[in-house]
Each structure stands twice: as C-alpha cells, then as structure tokens.
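Laboratory data are not the source of any read-out in this text; all were calculated from the coordinates shown. All figures in this text were calculated on a predicted structure; none of them were measured in a lab. Reconstructed Cβ throughout: ideal geometry from the backbone, glycine too, with neighbour counts over all protein chains shown.
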Amino acid sequence: MKKYIKPIIIVLICFVVVGVLMFIYDALHGNFIRDYLMEKQVKEHLLGNGYTEEDLLSIEAEYSMKLNTNRIKGTFAYVIFKDEPKEKYVYMQWRETGKIQQECSYYSEGTGAYEVKYTEERKHMIKNCF
C-alpha cells in the first residue's frame with residue numbers, strides 16, 4: 001500500500017497545479033467555450049432582428065476582464081457587416097436577463113477618439129443601444 005501513496009500524491013499535486021493555472025487563465029483571458037456561445041447567441045440575435053447570413057462578414061467574441069461586471073458579462077462580440085467592412089459593432093450580454101444588446105461606443109476617424117452617441121452615419125447602429 002505504501003508504494004501507491006507517493007504516485008497518488010504526485011497526481012493530486014499535478015491536478016491542483018493544473019487547476020489553479022486553468023482558473024487564472026480563465027479569469028484573465030476568458031474561456032473559448034464562452035466565446036463560442038457568445039458568437040452563436042449574437043448571430044441568433046441578429047438573424048432574429050432581420051439580418052441574413054449574407055449580411056454578416058464576421059462575428060468574433062473576446063473576453064474583457066475590465067468590462068466584466070455584476071450587470072454585464074465580460075465576453076463581448078464584435079460584428080462586422082459586409083456593407084460596412086471598416087466598422088466594428090460591439091454586442092454585450094446582460095447578466096440577469098441574458099439579453100443581447102448593441103453597445104453604443106465606436107471609434108470615430110474624424111475625432112480620433114471613441115464616441116458614445118447615436119449617429120446615422122453608421123448604418124447598423126440602433127437607437128436604444130447601451
């Protein structure tokens with residue numbers, strides 16, 4: 001029985017070390033499964049609001065530890081539409097309701113800064129964004 005104790009302890013230590021490293025990575029960079037789910041949910045949201053697959057150029061999700069709050073989930077999706085390939089639209093998800101909503105902030109080439117107001121220059125920007 002004694003010959004099995006040392007390998008069992010080594011295996012347990014390995015599990016603990018790997019678990020802690022995975023927890024730290026998840027806290028800092030997010031989880032690729034959450035990214036995939038966010039991309040899928042945003043796509044479903046857009047298709048439900050009248051867009052088609054052909055309208056979308058790309059949807060990429062990214063985790064932001066800074067933006068992860070008790071109201072908003074930390075995984076955001078960046079959507080690029082085919083008719084506006086230089087514009088990125090940001091979609092976020094409310095923590096309580098799970099509702100997907102467009103975020104208002106965008107980078108303005110004219111001012112060289114991020115803007116947070118509604119503008120009709122952006123074709124796909126909605127008026128009730130967050």
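At a glance:
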| read-out | value |
| --- | --- |
| Qualifying residues in the range 40-53 (those that are more than 11 Å from Ile100 (Cβ to Cβ) and of a type outside the set (A, V, I, L, M)) - the one surrounded by the most Cβ atoms within 10 Å (Cβ to Cβ) | Tyr51 |
| Any pair with Cβ under 9 angstrom, 6 or more apart, that starts in the range 55-81 at a residue that is among the basic types (Lys, Arg) and ends at one that is crowded, with 18+ Cβ neighbours inside 10 Å | Lys66/Gly74; Lys73/Met38; Lys73/Met92; Lys73/Gln93 |
| Unmet requirement for Ile126, which otherwise passes all of (1) hydrophobic (A, V, I, L, M, F, W, C); (2) outside any strand (DSSP E or B); (3) more than 14 Å from Leu46 (Cβ to Cβ) | (3) |
| Condition check for Gln101: of a type in the set (S, T, N, Q), touching a residue at least 24 places away in the same chain (Cβ under 8 Å) and over 15 Å from Phe130 (Cβ atoms) | no |
| Filter result (in contact with a Lys or Arg (Cβ under 9 Å, 6 or more places away or on another chain) and not in a strand (DSSP E or B)) within the range 69-104 | Thr69, Asn70, Arg71, Lys73, Gly74, Asp83, Arg95, Glu96, Gly98, Cys104 |
| Residue match in the range 119-126 (condition: surrounded by 10 or more Cβ atoms within 10 Å (Cβ to Cβ) and within 14 Å of Met38 (Cα to Cα)) | no |
| Flag if Gly30 is farther than 17 Å from Ile100 by Cα, surrounded by 10 or more Cβ atoms within 10 Å (Cβ to Cβ) and in contact (Cβ under 8 Å) with a residue 40 or more places away in the chain | yes |
| Unmet requirement for Met65, which otherwise passes all of (1) surrounded by 10 or more Cβ atoms within 10 Å (Cβ to Cβ); (2) in a loop (DSSP other than H, G, I, E, B); (3) out of contact with any His (no Cβ under 9 Å at 6 or more places or on another chain) | (3) |
